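Since the structure comes first, as structure tokens, the remarks are kept for the end.
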Amino acid sequence: MSTRLPQVVILRKQIAVEKIIEDFQIIVNHHLLEKNKTSIHSIQAKIFIQLIYANYYHITQNTISELEYLERAIAIYDANSFHKQENPLDYISVYTRIIDIYKKRDDETFYNKIEALRQFDQILDFQKHVANERIFFHTYQAELEHLIYNHKFDEGHQMMQHILKQIHINKFNLEPYYLIGMYYQFACICLINKSVSQSLKHINYILNEFDFSDRPNTFIKAEILNVLIHFELKNYKLVLHSLANFKKKYAKTFKINTLEKKILKLIERFCNDPYLKKSVIEFNSLYKKINKMDIDTTSSNIIYLKYIDFKRLER
């Protein structure tokens, strides 16, 4: 398999990000923006300026400064209740970005932010139903990820049951993008809790009911999780078939991360020769290798690491 295309893709992404940063720097250093920071009276413009800086710090990966400007934007909304009620979806959008930053932390602030956003629907009249759906999804999605980041998978499983019940009772009309993200988290939690058949049920819902274009990155993660699930079920021929399809569909256009490569490579090697190798030994060897690596702290990577950990301890 050629490695040239993924390298070209990485280079293009780097160039694209660098160009975005350059464009942002022109904006944030412009004298008119600096002048208008203190002289404008429009509430919408005041909020927009805070979001310009928040977006700049987001692309430059300065999370502390990004959070500062997002909080400033919310403070402007909160000080102008009429504008806040007239623009509920904009308010929710900014607030969920704040929650996304706090969700990796294991402290009270995260839950205080979650509760504050859930209380927002009590003052709404305009776009109330749509706002409720957005609040429901974003707060519970963030809470699931918060529990995953902090390795609280039993609590995540209980939360998942509550979410499924609420989806059924309220008949939320969530967009495919949101549902794919939610059900992917369900599948992850079930796999780590060794409810493999339930994990497969959630993954099948994603792969059968939605399309790659609905949410490409998460859809591919679901395909990888599908391989892990069938490996757990000892469907070795199906695993090899799924891996072949995966390479055919995505290898030339999508670059999976190093941890995903190592897991899939180990699973493929084992499935080609399942009766001559012990998976515990193989996964223990992989566990030692990845402990020396600098792994990005994403929810999917946490799932992979947790999976490798329990596979190496199997008896």
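The table that follows gives values for the structure above.
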| read-out | value |
| --- | --- |
| Percent accessible area from carbon and sulfur atoms, the range 125-168, protein chains only, probe 1.4 Å | 50 |
| Rounded percent of accessible protein surface that carbon and sulfur make up, the range 179-265, 1.4 Å probe | 51 |
| Largest-first ordering by accessible area, 1.4 Å probe, given options Glu209, Glu66 | Glu209, Glu66 |
| Neighbour net charge for Arg118 - beta-carbon separation under 12 angstrom, K R +1, D E -1 | -1 |
| Dipole of the chain [Lys/Arg +1, Asp/Glu -1 at C-beta], most positive-end residue of His157, Phe210, Leu305 | Leu305 |
| Acute angle (nearest 10 degrees) that the helix 153-170 long axis makes with the longest principal axis of the chain, alpha-carbon atoms | 60 |
| Per residue convex hull volume, Cα atoms of the range 232-315, in Å³ | 103 |
| Net length gained if the chain between Phe48 and Leu238 were fully extended (0.36 nm per residue, minus Cα distance) | 63.3 nm |
| Entries of Lys247/Lys288; Lys221/Lys261; Lys194/Lys252; Lys261/Lys288; Lys19/Lys249 with Cα pairs more than 22 Å apart | Lys247/Lys288; Lys194/Lys252; Lys19/Lys249 |
| Shape box of the range 203-266 [Cα atoms, principal axes, largest first, Å] | 30, 26, 18 |
| Shape box of the range 27-170 [Cα atoms, principal axes, largest first, Å] | 52, 35, 21 |
| Sparse-neighbourhood loop sites, chymotrypsin sites (Phe, Trp or Tyr not before Pro) in the range 39-147 - DSSP loop, at most 13 other Cβ within 10 angstrom | Phe126 |
| Leu240, Leu259, ranked by accessible area, largest first (probe 1.4 Å) | Leu240, Leu259 |
| Trypsin sites (Lys or Arg not before Pro) within the range 269-300, DSSP loop, no more than 11 other Cβ atoms inside 10 Å | Lys278, Lys292 |
| Whole-number D in µm² s⁻¹ for the chain, Kirkwood Cα-pair radius fed into Stokes-Einstein, 20 °C, 1.002 mPa s | 98 |
| Calculated diffusion of the range 269-315, Stokes-Einstein form, Kirkwood radius summed over Cα pairs, 37 °C and 0.692 mPa s, µm²/s | 286 |
| Mean separation of Cα contacts under 8 Å (6+ apart) over length of the chain, as relative contact order % | 12 |
| Helix 88-102 vs. the chain, principal-axis angle (Cα, 0 to 90°, nearest 10) | 50 |
| Which listed pairs, of Lys84/Lys104; Lys113/Lys234; Lys103/Lys292; Lys152/Lys262, have C-alpha distances above 31 Å, in listed order | Lys113/Lys234 |
| For the chain, size of Cβ-based charge dipole, Lys and Arg +1, Asp and Glu -1, in debye | 1660 |
| Net charge over other residues, Cβ less than 14 angstrom from the Cβ of Arg97 (K, R count +1; D, E count -1) | -1 |
| The range 219-315: GluC sites (Glu not before Pro) falling in loop per DSSP and having at most 10 other Cβ within 10 Å | Glu314 |
| Glu22, Glu133, reordered so the largest accessible area comes first (probe 1.4 Å) | Glu22, Glu133 |
| Average accessible surface area per residue within the chain, 1.4 Å rolling probe, Å² | 56 |
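The values are calculated or read from the model by the stated rules, or taken from the named source; none is laboratory data. Note that the structure is a prediction, hence the values are computed from the model and not measured. Note that we place each Cβ from the backbone using ideal geometry, even for glycine, and neighbour counts take in every protein chain shown. The area values use the complete protein model at the heavy-atom level, side chains included, leaving out ligands, DNA and RNA. Shrake-Rupley method; radii C 1.70, N 1.55, O 1.52, S 1.80 Å.
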